[in-house]
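Notes follow the structure.
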Amino acid sequence: MLDTLKPQLDITCRSAAAFERDAARELIRRVHYQEGQVDGEFILAFAEVGAIKVLEPEFVPNCNSGTLCLVGAAVLKRGMTHGNPKGRRDLAERRFPELKVERLRRNEIVDKMGLALISRVAVEPNLHGYGVGRALAQECRRQATSLVPGSRYVEVMTSQRLRDAQRLIKKENAASDFLQAAGFRLAPIFTRIKQPRRDGRDRRLYYWASIIR
């Protein structure tokens, strides 16, 4: 989430080098609410250690690259084919009105819409609200065509508690939503998760955005 009252860090984003992937996986494993294997293309966010210390003196970097340290990571991959989220209807209606998605297989939907998926966005807990998540989401939009050939749109699914999902759908806290700040549209529908997570997240939201050329 984005806290508009906080100053924004100067974030540098780029694709992960091979030797940086383990650090990205460790960050995601440590802070992201989803568990399980993480695969795809890693995009990393870095910020100046000195600038962070001014805002968060107690912050301890876990991975440094010169004067920069790793502050966030995202994973980009081909669009989801093991599920067909209801929120995709919003994208289909607005950008593909001629497409009969109900008649297509899941992989055909992904190919015809040109979908890439952001499967993870992880930010150091002490640095929420400083623009890291927004920068990562925007960089995923920029790099989608090179990292996932054929991409035209980027989709994201997030899990929220019922009350938080309702507030987002009603635009009551859109200003605190880093994905909307990064140019993503929130589909006006959410679905119930059959097996709620331990932290109470039991609703799934769907976002989409065009690539940035």
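The values are calculated or read from the model by the stated rules, or taken from the named source; none is laboratory data. Since we're looking at a predicted model, the values are computed, not measured. For neighbour counting, all protein chains shown are included, and Cβ atoms are generated from backbone atoms with ideal geometry for every residue, glycine included. Please note that ligands, DNA and RNA were not included when accessible areas were found on the heavy atoms of the full protein model with its side chains. Shrake-Rupley method; radii C 1.70, N 1.55, O 1.52, S 1.80 Å.
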Name the single residue, out of those in the range 1-41 being closer than 23 Å to MET157 by Cβ, modelled with pLDDT under 90 and of a type in the set (A, V, I, L, M), that is surrounded by the fewest Cβ atoms within 10 Å (Cβ to Cβ). MET1
Selected residue (only one of LEU76, LEU147 is in contact with an Asp or Glu (Cβ under 7 Å, 6 or more places away or on another chain) and under 22 Å from GLN180 (Cβ atoms)): LEU76
Identify, please: which residue in the range 171-208 is open to solvent by 40 Å² or more (accessible area, probe 1.4 Å) and assigned to a strand (DSSP E or B) and is, among those, modelled with the highest pLDDT? ARG185
So if I check each of GLY133, GLY83, GLY114, which one is open to solvent by less than 20 Å² (accessible area, probe 1.4 Å) and modelled with pLDDT under 95? GLY83
Specify the residue that is least open to solvent (accessible area, probe 1.4 Å); the eligible residues are those in the range 45-58 that are free of Cβ contacts under 8 Å to residues at least 60 places away in the same chain and hydrophobic (A, V, I, L, M, F, W, C). PHE46
